[in-house]
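These notes are about the structure you will find just below.
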Amino acid sequence: MSYKETMNRITTFVFDVDGVLTNSSVHITTAGEMLRTMSIRDGFAMKAAIESGFHVWVISGGSNEGVRIRLNNLGIREVHLAAHDKVITFSELCNKYKIDRHTALYMGDDLPDYHVMKRVGLATCPQDAAPEIKELSHYISHRRGGDGAVRDVIEQVMRVQGKWMDYFNAKHD
């Protein structure tokens, strides 16, 4: 089955943070605070997905509370930071929401994402992901992490399902 055919049955988007929602760079202030940059377009697409009825979850090994606040402000309620075993967190969320893991898309960029990516219906990654992650992925975005890779996969899924322009047209009817 091609990745486009698989996109037709996706109900749930799951994203890592560092290297996916960010470009994997961290700016460290003199006070030791770690600052990250996220794409506004990625945020826009996640909000559109939620408002179109998709589940959007974030599972990250990082623990920056600013990240949680940003994602919660977009409407993402399942933000799991400091997740040391992403497979367990993913399985718990699937059980909680009664989601078939084969209807989930996961976007990761590095080895901590490897095992959960093996369990989803559609494994995806940014263009600048680790080689092992690229090899495992059904789809590799042409965009880099933190620079529209999340928007790319959300938009593609919503277009395949006929929901992308429906969402925007409904906003203006």
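The values are calculated or read from the model by the stated rules, or taken from the named source; none is laboratory data. The structure presented is a predicted model; accordingly, all values stated were derived computationally and were not measured. All Cβ positions, glycine included, derive from the backbone under ideal geometry; neighbour counts span all protein chains shown.
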Worksheet item: What residue, among those in segment 1-59 that are touching a Gly at 6+ places or on another chain (Cβ under 6 Å) and under 21 Å from residue 92 (Cα atoms), is surrounded by the most Cβ atoms within 10 Å (Cβ to Cβ)?
Response: 16
Practice prompt. Count, please, the residues in segment 24-35 that happen to be part of a loop (DSSP other than H, G, I, E, B) and either touching a residue at least 60 places away in the same chain (Cβ under 8 Å) or out of contact with any Leu (no Cβ under 9 Å at 6 or more places or on another chain) (or both).
Written response: 6
Discussion item. Can you list residue pairs whose Cβ atoms sit under 9 Å apart, with the first residue in segment 44-72 being touching a residue at least 60 places away in the same chain (Cβ under 8 Å) and the second being of a type in the set (Asp, Glu) and exposed (fewer than 15 other Cβ atoms within 10 Å of the Cβ)? Count only pairs 6 or more apart in sequence or on different chains.
Written reply: 52/166
Discussion item. Please return the ranges of helices (runs of 4 or more DSSP H) entirely within segment 83-160 where 1 or more residues are on the phi > 0 side of the Ramachandran plot and within 15 Å of the chain's Cα centre (by Cα).
Written reply: none
Item to complete: Report yes if residue 75 is of a type outside the set (A, V, I, L, M, F, W, C), surrounded by fewer than 17 Cβ atoms within 10 Å (Cβ to Cβ) and at pLDDT 95 or above, otherwise no.
Response: yes
